[in-house]
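The values are calculated or read from the model by the stated rules, or taken from the named source; none is laboratory data. Every value quoted in this text rests on a predicted model; they were computed, and no experiment measured them. So basically every Cβ, Gly included, is an ideal-geometry build from the backbone, and we count neighbours across all protein chains shown.
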Amino acid sequence: MLAPAIYQMMRCQDEYEFVERTGGDPASGAAGTSSAEYAQRHGTLSLVCEAPPWVDARARDDTPSDLCYADVLYEQAGALTELAETLDDALRAVSADLSADSPYLRASRSFTGRIGALPGELLHRAKEEASQRPATVAECWSCADLVHLHRLRLGGMLLRALDGELGIGNATAAIRRTRASFAARYDAWVAQAEQDTPPTPAEIRRLVATQFGAIIAPPRSSPSAPSPRRPGGAPATALNRAPGALRSTKRLRQSRLSDKGAV
């Protein structure tokens, strides 16, 4: 971590090597590298700033909880495994009847495979010695919130794919039956997410200020520029110590559309 909520962006090479060490198949995930890595060869700095439209005080609470971090990871892995299986079951149930190669359908197929690879990485982390400690409140919240995010985002994609089939008149029994059962599961996910994380809207002016500040911070924090300091002498930014690309890890909370579709 370079500063609160600011991390150096991982290289795809690092990601591939991690997946290989944990017994996974790098080819099943992301392919190729990012535009930031391509630009970095020319001495550039890339910045991705994700400003969350919803805020929750638990996201920055470092107080130790009563849960072991390893157990939190095990629970998250179990929930994501269930999600991947639910998505895969629904796709298999309608695969023979689908007729429209929509973007929602292609995305559902792609992300179902990707989300199925995450539990293995989480289980590997859970077994590490560093995970045998109390989890912070922020870690508990973040792990649960990530499950909600994937459920609503990927579930919404699949619902829209099925609605698209119905919209063009492809209302086979399998599609209607799968759509009805999956919609009931999705509604339960939405209700649980709203119960676990009551949304508090962030002020637009604060979001704009965060993104604008992130844009102008790198030039001010270059080695040749004086480093601004907070009261007490602490550097206001750690960007001057960050080679390559940076990424804000503030969680992007997806908006819930009136039809409960995905972003």
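The figures follow:
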read-out	value
Qualifying position, being among the aliphatic types (A, V, I, L, M), at pLDDT 95 or above and under 30 Å from D62 (Cα atoms), among V94, V147	V147
Set S95, S108: member being assigned by TED's automatic domain parsing to the domain that holds T178, exposed (fewer than 13 other Cβ atoms within 10 Å of the Cβ) and either farther than 24 Å from E20 by Cα or of a type in the set (F, W, Y) (or both)	S95
Residue satisfying all of: in segment 61-70; touching a strand residue (DSSP E or B) at 6+ places or on another chain (Cβ under 8 Å) and not in a loop (DSSP other than H, G, I, E, B); nearest to E128 (Cα to Cα) among these	Y69
Residue match in segment 78-93 (condition: in a helix (DSSP H, G or I) and basic (K, R))	yes
Matching option when the condition is over 26 Å from T200 (Cα atoms) and surrounded by 17 or more Cβ atoms within 10 Å (Cβ to Cβ), among E129, E85, E139, E121	E121
Selection count where residues are in a helix (DSSP H, G or I) and either small (G, A, S) or more than 27 Å from A126 (Cα to Cα) (or both), scope segment 36-60	7
The listed residue being free of Cβ contacts under 8 Å to residues at least 12 places away in the same chain and of a type in the set (S, T, Y), out of S65, S35	S35
Search result, residues across segment 62-72 that are closer than 19 Å to V147 by Cα and out of contact with any Asp or Glu (no Cβ under 9 Å at 6 or more places or on another chain)	C68, D71
